[in-house]
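Comments concern the structure below.
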Amino acid sequence: MRYRSAVFIVLVCTVSVLAFGQKPATDKPLSAVDQALVSAENGFIEAAKKGDAAYFKHTLTEDFSFVGSDGQLGGRQDRIDQFSDGGLNLQAYNMKAIPVADGVEIVTYDVILRVPPAEDQGPPPRYQHFSSTWVKQGDSWKLKFQQMTPSHWGDW
């Protein structure tokens, strides 16, 4: 009797999963604007790897600000100085563009960041989540705000 009850429970659970299970959501294709902003964010990553200060001067808004993985607020010149040396080893994945309003979008993604430790500090968190706010100014998109959030503690 116990054997039959156990088989019945397993059978009911299996049928329930098959009958009510959902297909994973498929990602919709990116719009032209979304694709342009994902490309712009990839340009930001490449500029940070190369230390392309001219890219940052051209792409960041005059009132650009960011929140670093340490929670500190920085400004436009701080970002230009920080990424102008190059050598940033950043792997981005799960990149998505999210429309906010006309002329405003957020590009959000996960990163694996590998940088040497700074003097008197350890390296920043390796696994982070970046969110970048892009605004349309005239005919071009400019980076207005960025936040880096540690997403996995203890792996430095």
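The values are calculated or read from the model by the stated rules, or taken from the named source; none is laboratory data. Fair warning: this is a prediction, and the values are worked out from it, not measured in the lab. For neighbour counting, all protein chains shown are included, and Cβ atoms are generated from backbone atoms with ideal geometry for every residue, glycine included. These accessible areas exclude ligands, DNA and RNA; they are computed on the full protein's heavy atoms, side chains included. Shrake-Rupley method; radii C 1.70, N 1.55, O 1.52, S 1.80 Å.
Scoring G86 on the criteria (1) at negative phi; (2) at pLDDT below 95; (3) surrounded by 10 or more Cβ atoms within 10 Å (Cβ to Cβ) leaves a single failure, condition (1). Selection of the stretch 36-82 for residues being open to solvent by 50 Å² or more (accessible area, probe 1.4 Å), farther than 26 Å from D139 by Cα and either touching an Asp or Glu at 6+ places or on another chain (Cβ under 6 Å) or among the hydrophobic types (A, V, I, L, M, F, W, C) (or both) yields only L73. Only residues that are part of a helix (DSSP H, G or I) and free of Cβ contacts under 8 Å to residues at least 12 places away in the same chain were counted in the stretch 64-83, giving 3. Selection of the stretch 49-63 for residues being of a type outside the set (V, I, T), more than 22 Å from L113 (Cα to Cα) and not in a helix (DSSP H, G or I) yields E62, D63.
From the list V33, V10, the lone residue that is surrounded by 15 or more Cβ atoms within 10 Å (Cβ to Cβ) and modelled with pLDDT under 95 is V33.
The residue of the stretch 103-133 that is modelled with the lowest pLDDT, among those that are under 24 Å from L60 (Cα atoms), open to solvent by 30 Å² or more (accessible area, probe 1.4 Å) and assigned to a loop (DSSP other than H, G, I, E, B), is P124. Do the conditions hold for Y93, that is, is it of a type in the set (S, T, Y) and either part of a loop (DSSP other than H, G, I, E, B) or without any contact (Cβ under 8 Å) to a residue 24 or more places away in the chain (or both)? Here the answer is yes, as Y93 does meet what is asked. A Cβ distance below 6 Å, combined with a sequence gap of six or more or placement on separate chains, defines the contacts here; from the stretch 133-156, residues that are over 22 Å from F64 (Cβ atoms) reach residues that are exposed (fewer than 12 other Cβ atoms within 10 Å of the Cβ) and modelled with pLDDT under 95 in the pairs W156/G122.
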